[in-house]
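Student: Just passing along the structure, written as structure tokens.
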Amino acid sequence: MSPDDLTRLFEVFERTPRQGPGSSETTRRAFRSLPERARTGRVLDLGCGTGGSTVVLAEESDGHILAVDIHAPFLATLGSRLRDLGLAGRVAPVVADMADPPVADGRVDLVWAEGSAYAIGFEAALRRWRRLLAPRGCVVVTELTWFSSDPAEQARAFFANDYPDMRDEATRLADAREAGYDVVDSFRLPPEDWHAYYDGVDVSLREAIGRDGELDVYKGMLREHAIYRAHGDDYGYLCLILRANA
């Protein structure tokens, strides 16, 4: 993706409640599956966007949260949301690369990454982030995953270009164990998380098309939504709740 296309993509998502499928209910479900230490300790929210998960973590967790994203306008929106809710003292937004966050090794009790690990690569992300964890620290990650052993060719072709590293559930669970984690729990995100996400994206996308015309980056987003409407049963996000093993 060209720098101009990436900028336009970010601009679309600046106006959406979330930058990927998810919901407050899903975030809470995953958080409440964690061991107590991870629920009360230091939290690192990576690829936090405008704070769809961060706000819930600030409400649920007793720990301090470092919220990291590479796009400063996302963090400005997050900061405004936190101030409106009286939660600004609980969260420190930081512009940084989630592949190399400004945290010393062994200092984090919980790494949170909703829909963001793909930017590094699922296996690479789990290995990089494990060194940041305190002993028996946890990672919660949502990852785009095949749910069908024989997905529709239209969906397979789209993701062969868009996310060629996409795998099935069993493979991702095995990858997590190979990277040094025990699986505490895992579950599929419900379709409602996808519908709410696309509702927000479609409004912002229509505004962008009205302003700029049907650029290729916008056509790709429209195509992605069409693929989900037609073949959304074949794939989705898997939430994995992981704990670093000894």
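Student: Please go through region 67-102 and pick out each residue that is open to solvent by 20 Å² or more (accessible area, probe 1.4 Å), touching a strand residue (DSSP E or B) at 6+ places or on another chain (Cβ under 6 Å) and touching a residue at least 40 places away in the same chain (Cβ under 8 Å).
Tutor: Pro93, Met98
Student: A further question on this structure: Would you confirm whether any residue within region 153-164 is in contact with a helix residue (DSSP H, G or I) (Cβ under 8 Å, 6 or more places away or on another chain) and of a type in the set (D, E, K, R)?
Tutor: Yes: one or more hits.
Student: Looking at (1) over 20 Å from Ser186 (Cβ atoms); (2) in contact with a helix residue (DSSP H, G or I) (Cβ under 7 Å, 6 or more places away or on another chain); (3) open to solvent by less than 50 Å² (accessible area, probe 1.4 Å), can you tell me which one Asp62 breaks?
Tutor: With respect to (1) over 20 Å from Ser186 (Cβ atoms); (2) in contact with a helix residue (DSSP H, G or I) (Cβ under 7 Å, 6 or more places away or on another chain); (3) open to solvent by less than 50 Å² (accessible area, probe 1.4 Å), Asp62 is out only on (3).
Student: Shifting gears a bit: Could you check region 150-230 for helices (runs of 4 or more DSSP H) lying wholly inside it with 1 or more residues that are over 24 Å from Arg18 (Cβ atoms)? Break it down stepwise before answering.
Tutor: On the way: elements: 153-162, 169-178, 191-212.
Where helices (runs of 4 or more DSSP H) fall fully within region 150-230 and carry at least 1 residues being over 24 Å from Arg18 (Cβ atoms), they are 153-162, 169-178.
Student: Suppose we filter region 103-126 for residues that are within 15 Å of the chain's Cα centre (by Cα) and surrounded by 19 or more Cβ atoms within 10 Å (Cβ to Cβ); how many remain?
Tutor: Count: 13.
Student: Also, I was wondering about something else. Check region 117-135 and report whether any residue there is hydroxyl-bearing (Ser, Thr, Tyr) and touching a Gly at 6+ places or on another chain (Cβ under 8 Å). Working first, answer last.
Tutor: Residues of region 117-135 hydroxyl-bearing (Ser, Thr, Tyr): 118.
In the following step, the residues that additionally are touching a Gly at 6+ places or on another chain (Cβ under 8 Å) were identified as none.
Among the residues of region 117-135, not one is hydroxyl-bearing (Ser, Thr, Tyr) and touching a Gly at 6+ places or on another chain (Cβ under 8 Å), which makes the answer no.
Student: Filter region 181-207 down to residues that are open to solvent by 10 Å² or more (accessible area, probe 1.4 Å) and among the small types (Gly, Ala, Ser) and give me whichever is nearest to Arg130 (Cα to Cα).
Tutor: Filtering region 181-207 for residues that are open to solvent by 10 Å² or more (accessible area, probe 1.4 Å) and among the small types (Gly, Ala, Ser), the one nearest to Arg130 (Cα to Cα) comes out as Ser186.
Student: Give me the pairs: first residue in region 205-220 and polar (S, T, N, Q), second residue part of a helix (DSSP H, G or I), beta-carbon distance under 6 Å, and six or more apart or on different chains, which are they?
Tutor: No pair meets every condition.
Student: Looking at region 23-49, which of its residues are touching a helix residue (DSSP H, G or I) at 6+ places or on another chain (Cβ under 7 Å), open to solvent by 40 Å² or more (accessible area, probe 1.4 Å) and not polar (S, T, N, Q)?
Tutor: Arg28, Arg39
The values are calculated or read from the model by the stated rules, or taken from the named source; none is laboratory data. Since the structure is predicted, the reported quantities are computational estimates derived from the model, not experimental observations. With ideal geometry, Cβ positions are generated from the backbone for all residues, glycine too; neighbour counts draw on all protein chains shown. The area values use the complete protein model at the heavy-atom level, side chains included, leaving out ligands, DNA and RNA. Shrake-Rupley method; radii C 1.70, N 1.55, O 1.52, S 1.80 Å.
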